[in-house]
Amino acid sequence: MKHLVCFILSLSLLACSSKSGKEEKELATQAFINCDFYTAIENAEMAIQYAGEDINVSVPALLILGKSLDISGDSTAAIAAYEKIVLLAPGIKTVVEAQKIANNFVGKLSRSAPEKVKRCPALQNDLR
């Protein structure tokens, strides 16, 4: 009986602690800022998966994913990420608009964390 109660409690804890993607989105952001684009891609993909219908998590994660893929040289996958943004985000009607938002993210990053951007040639090149 004791084992059954422990098992049921374990299941309920797992159910209550389901991931929302917020932590993964933050990890993706930090990896992006630290010029670790492959980790940013992995964490952004997990954030998108866990976010489900929550566009407050999935759209920023898609922006990080798209920009990281752009910088990593996978423009086809980057465009696919931007296309998903167009489908999800109200007010963004084209891939070009989604790309501009991703570029603005890098621009804001250069103002909010200039020391990080200075240490990352890929981000410096992206600002030109």
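Does Thr94 fit the bill of being more than 18 Å from the chain's Cα centre (by Cα) and among the hydroxyl-bearing types (Ser, Thr, Tyr)? Break it down into steps so the answer makes sense when it comes.
Numbers: more than 18 Å from the chain's Cα centre (by Cα): yes; among the hydroxyl-bearing types (Ser, Thr, Tyr): yes.
So Thr94 fits the description; yes.
Quick one: would you say Ser72 is surrounded by 15 or more Cβ atoms within 10 Å (Cβ to Cβ), within 16 Å of the chain's Cα centre (by Cα) and polar (S, T, N, Q)? I'd like the intermediate steps shown before the answer.
On the way: surrounded by 15 or more Cβ atoms within 10 Å (Cβ to Cβ): yes; within 16 Å of the chain's Cα centre (by Cα): yes; polar (S, T, N, Q): yes.
When the stated conditions are applied, Ser72 passes them.
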>> Only one of Lys100, Lys93 is assigned to a loop (DSSP other than H, G, I, E, B), at negative phi and at pLDDT 90 or above. Can you tell me which?
In response: Lys93
> With (1) assigned to a helix (DSSP H, G or I); (2) free of Cβ contacts under 8 Å to residues at least 40 places away in the same chain as the list, and Leu109 as the residue in question, which single condition is left unmet?
Replying inline: (2)
>> I'd like the full set of residues that are surrounded by fewer than 16 Cβ atoms within 10 Å (Cβ to Cβ) and either closer than 16 Å to Leu62 by Cβ or β-branched (Val, Ile, Thr) (or both), limited to the stretch 89-124.
In response: Pro90, Gly91, Lys93, Thr94, Val96, Glu97, Lys100, Asn103, Asn104
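Within the stretch 10-31, does at least one residue satisfy the condition of being of a type in the set (Val, Ile, Thr), in a helix (DSSP H, G or I), more than 11 Å from Ala61 (Cβ to Cβ) and modelled with pLDDT of 50 or more?
Let us first name the residues in the stretch 10-31 that are of a type in the set (Val, Ile, Thr), namely 29.
Now restrict to residues that are in a helix (DSSP H, G or I): 29.
Of the ones still in play, those that are also more than 11 Å from Ala61 (Cβ to Cβ) are none.
No, the stretch 10-31 has no match at all.
The values are calculated or read from the model by the stated rules, or taken from the named source; none is laboratory data. Keep in mind the model is a prediction, meaning the values are calculated, not measured. Note: ideal-geometry Cβ built from the backbone for every residue, glycine included; neighbour counts use all protein chains shown.
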